[in-house]
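Written out below as structure tokens is the structure these notes cover.
The values are calculated or read from the model by the stated rules, or taken from the named source; none is laboratory data. Keep in mind it's a predicted model, so treat the numbers as computed, not measured. Quick reminder, even Gly has a Cβ in these numbers, built from the backbone with ideal geometry, and neighbours come from all protein chains shown.
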């Protein structure tokens with residue numbers, strides 16, 4: 001606890017154990033000095049600015065909920081979850097602030113273990129998937145005179161292994177996003193040409209939809225080609241998947257008045273109900289669960305896509321009307 | 001055409017089924033394939049035969065891909081080194097390839113089309129000399 005002048009008035013035993021700062025020492029200390037002494041780090045290990053110290057934020061009137069930090073001051077690394085709140089007297093004047101710290105070390109360690117498990121399991125799946133996919137592809141390429149039933153079985157195996165491959169990649173992306181280790185290559189690349197080739201490829205996968213590249217500007221950006229391919233591919237997959245009646249799917253690459261480039265994918269599909277639109281970019285959110293359009297999937301495509309676009313310095317948005325269709329777009333900076 | 005005239009590829013991969021698949025696909029495409037189960041076996045092979053290309057897995061017991069590349073280059077003057085294409089399940093295969101200064105890379109699981117295209121870039125050219 002601290003008073004309105006920003007001096008520590010009380011720390012309890014648990015806090016002394018967590019922070020390693022003795023009660024006698026803490027009492028009367030300025031919060032900023034106390035913050036330096038406690039030396040909290042973000043969970044990813046980077047130092048925390050003194051101004052960001054929860055008790056100081058609370059003293060500025062902010063309510064801090066479930067902020068998680070790491071303390072390495074004591075003999076072992078401790079993860080602390082803090083709630084902090086300003087204190088007012090009966091007349092509403094600020095008289096100080098209080099912070100409640102909880103030791104969540106075990107939780108954080110379990111969480112890391114879970115991430116590590118997902119990572120290892122996903123990596124281990126890569127070789128068996130490669131074997132399944134490879135043999136199926138090889139047989140489909142070279143075997144002649146196969147009975148149709150055999151050929152279609154092989155095609156099914158190939159498609160199934162592709163789906164597992166997609167899931168494995170998504171899981172690995174998620175775990176990389178979690179630990180902040182996705183690194184983009186930055187090379188000049190023709191975005192319009194990429195959109196065009198992906199549009200052509202998507203058109204080959206469906207005979208119910210007209211997948212077309214609308215009149216587009218020719219734009220070169222600096223970015224990670226494979227990652228942008230992943231994003232546009234994901235938007236095209238979604239557009240096809242959620243347009244069960246077919247119809248036009250339009251891809252467009254256009255320069256905006258603000259000097260960015262916008263890539264949009266527009267479908268005439270089932271659209272997204274208004275009340276679900278706010279959650280579209282949440283991880284694991286699947287808006288079509290328990291509707292006739294529930295096509296499975298983990299609900300991570302848009303989450304990963306938006307992360308990748310933001311990592312490129314861009315932004316992703318959408319517009320949708322239930323029953324009319326959706327347009328998903330992203331913008332990227334264009335180098336001068 | 002005798003086997004000696006076919007472009008020769010040393011395939012170093014520890015998983016026996018993956019190795020068999022690569023051999024089957026590449027032999028069908030007209031290459032002579034010499035398979036090895038780890039870097040150590042690979043080194044023995046490249047000492048005996050000068051391949052046109054080395055297809056190299058990274059994570060392997062006994063001697064991994066990184067150790068193999070270092071040992072191979074120590075043994076052979078640059079002019080005698082065959083191009084190396086890395087096959088890896090790493091998150092960023094391109095980065096591994098850059099770090100090792102190898103000629104090409106393929107991310108696992110490999111698409112057969114990509115495999116044949118990548119191999120064709122190197123093995124055919126040297127074989128036609």
Any chance residue B:82 is away from chain A (no Cβ under 14 Å), at pLDDT below 90 and part of a loop (DSSP other than H, G, I, E, B): yes
Every residue from region A:150-163 that is within 25 Å of the chain's Cα centre (by Cα) and either modelled with pLDDT of 90 or more or closer than 22 Å to residue A:314 by Cβ (or both): A:161
Total residues in region A:198-221, condition exposed (fewer than 14 other Cβ atoms within 10 Å of the Cβ) and part of a helix (DSSP H, G or I): 3
Any hit, region B:12-20, residues being away from chain A (no Cβ under 14 Å), surrounded by 19 or more Cβ atoms within 10 Å (Cβ to Cβ) and at pLDDT 90 or above: yes
Index of the failed condition, residue B:120 passing every other in (1) away from chain A (no Cβ under 12 Å); (2) in contact with a helix residue (DSSP H, G or I) (Cβ under 8 Å, 6 or more places away or on another chain): (2)
Leading residue by the ranking (nearest to the other protein chains (Cβ to nearest Cβ)) among those in region A:132-154 that are closer than 20 Å to residue B:28 by Cα and surrounded by fewer than 13 Cβ atoms within 10 Å (Cβ to Cβ): A:142
Filter pass, residue A:227 being assigned by TED's automatic domain parsing to the domain that holds residue A:312, in contact with a helix residue (DSSP H, G or I) (Cβ under 6 Å, 6 or more places away or on another chain), part of a helix (DSSP H, G or I) and at pLDDT 90 or above: yes
Region A:317-331, residues that are surrounded by fewer than 21 Cβ atoms within 10 Å (Cβ to Cβ) and either assigned to a strand (DSSP E or B) or within 10 Å of the chain's Cα centre (by Cα) (or both): A:317, A:318, A:319, A:321, A:327, A:329, A:331
Residues (free of Cβ contacts under 8 Å to residues at least 60 places away in the same chain, assigned to a helix (DSSP H, G or I) and surrounded by 15 or more Cβ atoms within 10 Å (Cβ to Cβ)) located in region A:17-32: A:26, A:31
Residues (in contact with a helix residue (DSSP H, G or I) (Cβ under 9 Å, 6 or more places away or on another chain) and assigned to a loop (DSSP other than H, G, I, E, B)) located in region A:297-306: A:297, A:298, A:300
Residue A:56 vs. criteria assigned to a helix (DSSP H, G or I) and within 14 Å of residue A:2 (Cβ to Cβ): yes
Residue within region A:100-116 that is at pLDDT 90 or above, more than 14 Å from chain B (Cβ to nearest Cβ) and over 28 Å from residue A:169 (Cβ atoms) present: yes
Residues located in region A:155-189, provided they are over 18 Å from residue A:122 (Cα atoms) and either in a helix (DSSP H, G or I) or away from chain B (no Cβ under 13 Å) (or both): A:155, A:156, A:157, A:158, A:159, A:188, A:189
Residue list for region A:1-21, restricted to those being at pLDDT 85 or above and out of contact with any helix residue (DSSP H, G or I) (no Cβ under 6 Å at 6 or more places or on another chain): A:1, A:3, A:4, A:5, A:7, A:9, A:10, A:12, A:13
Selection status of residue B:61, surrounded by fewer than 21 Cβ atoms within 10 Å (Cβ to Cβ) and in contact with a strand residue (DSSP E or B) (Cβ under 6 Å, 6 or more places away or on another chain): no
From B:62, B:102, B:25, residue being more than 10 Å from chain A (Cβ to nearest Cβ), under 26 Å from residue A:169 (Cβ atoms) and either in contact (Cβ under 8 Å) with a residue 60 or more places away in the chain or part of a loop (DSSP other than H, G, I, E, B) (or both): B:102
